[in-house]
Amino acid sequence: MKLSLFSAVLALLLGLSAQHNPLVRPHNEDQGALPFGYNFKILEANKGSNQILVEGDVVLSKKRNAMKCWSSYCKWEKSYNGLVEVPYTLSDYFYDSEKALIVNAMESFQKKTCIRFVPYHGQSDYLSLESHLGCWSTIGKDGGEQVVSLSVYGCLDHGVIQHELLHALGFHHEHTRSDRDQYVRINWENIPDANVFDFHKMDTNNLNTPYDYSSIMHYGRTYFSSAFGADTITPIPDSSVPIGQRVDMSDIDILRINRLYECNI
């Protein structure tokens, strides 16, 4: 009886240790569709990151001053065959099953756009997909080796991977687009001073596409809220419109890719 009690206590302690030990690898698998309101995956993963992040998961380029990606200087080049090939490497830190999740998210681009993520073979510019602390990327092509972090501790969901890849292709968060005040209200009173810049409008190229509440690039309504459950972003005029999904690229996300890269699709 004493032995059984000891075994139970030992098992409990080992279980708790595994939950809090950063060396214990989580079990990552494709979780399928994540509903609207599942908003905090990236923010949670980025807690404690030593990167200086803008808008929660954007790394400022050290090679150029502007964040916007309007013209060819930060777009990936189109090949003679009309396809935009984006070379990449995958860190050996990822398990094969984790690499498969990333590759699957990449392949979702080629079904409806001219973007092709291709294995690196000595190209001068490429994405280096690595597992650092958090999920983050620069905006658009940055030149040379360009790190995109997809931590195994919280970033390997299909929609989160797509989100970071869209940053690397040149896209900002939807709520920062230049015309956003017609579609959402920013509740500044609910935003901590340290996060005010994350809600500033950017000088964006909206590519003649409508504002997209369902974009995979849209913040959730309580992102960075200083008061639990209080909206930082409220859709207008209908405040009940869902925002902040991380399931899959929306039709307008796909349309924007095709317009920015002039895909013949």
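What is the magnitude of the charge dipole of the range 124-265 about its Cα centre, with +1 placed on the Cβ of each Lys and Arg, -1 on the Cβ of each Asp and Glu, and no other charges, expressed in debye to the nearest 20? Walk me through the numbers on the way to the answer.
On the way: 9 positive and 20 negative charges, 36 e Å.
It comes to approximately 180 debye.
Can you grab the distance from the C-alpha centre of the range 200-265 to the C-alpha centre of the range 82-110, Å, no decimals?
Centre-to-centre (Cα) distance: 24 Å.
Once phi is turned into θ = phi - 60°, what whole-Hz ³J(HN,Hα) does the Karplus curve with 6.51, -1.76 and 1.60 give for every residue of the range 80-94, x standing for Gly and Pro?
Each residue's phi maps through the Karplus curve to give 4, 8, x, 9, 9, 8, 10, x, 8, 10, 10, 4, 5, 5, 6 Hz.
Work through the residues other than S137 whose Cβ is under 10 Å from its Cβ and net out their charges, Lys, Arg +1 and Asp, Glu -1. Write out the running numbers ahead of the final one.
Values: positive: none; negative: D57, D142, E164.
Around S137, the surrounding residues sum to -3.
Relative contact order of the range 65-169, please, whole-number percent, based on alpha carbon pairs below 8 angstrom and at least 6 residues apart.
Numbers: 180 pairs, mean separation 29.7, N = 105.
Normalised by residue count, the contact order of the range 65-169 is 28 percent.
Please report the relative contact order for the range 153-219, taking Cα pairs under 8 Å with a sequence separation of at least 6, and give it as a percent rounded to a whole number.
On the way: 42 pairs, mean separation 30.5, N = 67.
46 percent.
Counting each pair of different Cα atoms once, what's the Kirkwood radius of the range 69-216 in Å, rounded to one decimal? Kindly include the intermediate steps, with their values, before the conclusion.
Values: mean 1/r = 0.0600 Å⁻¹.
Final number for the Kirkwood radius of the range 69-216 is 16.7 Å.
Ranking request for peptides 205-213, 159-167: highest mean number of other beta-carbon atoms within 10 Å first, then the rest in descending order.
Values: 205-213: 15.4, 159-167: 22.7.
So the order, starting with the most tightly packed, is 159-167, 205-213.
Rounded to the nearest 20 Debye, what is the dipole magnitude of the range 208-265 about its Cα centre when Lys and Arg each give +1 and Asp and Glu each give -1 at the C-beta? Please list the in-between numbers first.
Numbers: 4 positive and 7 negative charges, 26 e Å.
Here the range 208-265 has a charge dipole of around 120 debye.
Straight-line reach only, C-alpha to C-alpha below 20 angstrom: list the aspartates and glutamates that K78 could link to, leaving out same-chain residues fewer than 8 apart.
By straight Cα distance, K78 reaches E107, D125, D142, E145, D253, E262.
Among residues other than T234 whose Cβ falls under 13 Å from its Cβ, what is the net charge (Lys/Arg +1, Asp/Glu -1)? Don't skip to the end; give the middle numbers.
Details: positive: R180, R185, R221; negative: D181, E189, D231, D238.
Net charge in that neighbourhood comes out at -1.
Rounded to the nearest 10 Å², what accessible area does W188 have for a 1.4 Å probe in the complete protein model?
110 Å²
Let me know the charge dipole size of the range 67-163 about its Cα centre in debye, to the nearest 20, where only the beta-carbon of Lys, Arg (+1) and Asp, Glu (-1) is charged.
Numbers: 8 positive and 11 negative charges, 101 e Å.
Magnitude of the dipole: close to 480 debye.
In square nanometres and to one decimal, what's the mean projected area of the convex hull around the Cα atoms of the range 144-209? Please list the in-between numbers first.
On the way: hull surface 26.6 nm².
Taking a quarter of the hull surface, the average projection is 6.7 nm².
The values are calculated or read from the model by the stated rules, or taken from the named source; none is laboratory data. In this text the structure is predicted, and so the values were computed from the model without any measurement. Note that we place each Cβ from the backbone using ideal geometry, even for glycine, and neighbour counts take in every protein chain shown. The accessibility values were calculated without ligands, DNA or RNA, using every heavy atom of the protein model including side chains. Shrake-Rupley method; radii C 1.70, N 1.55, O 1.52, S 1.80 Å.
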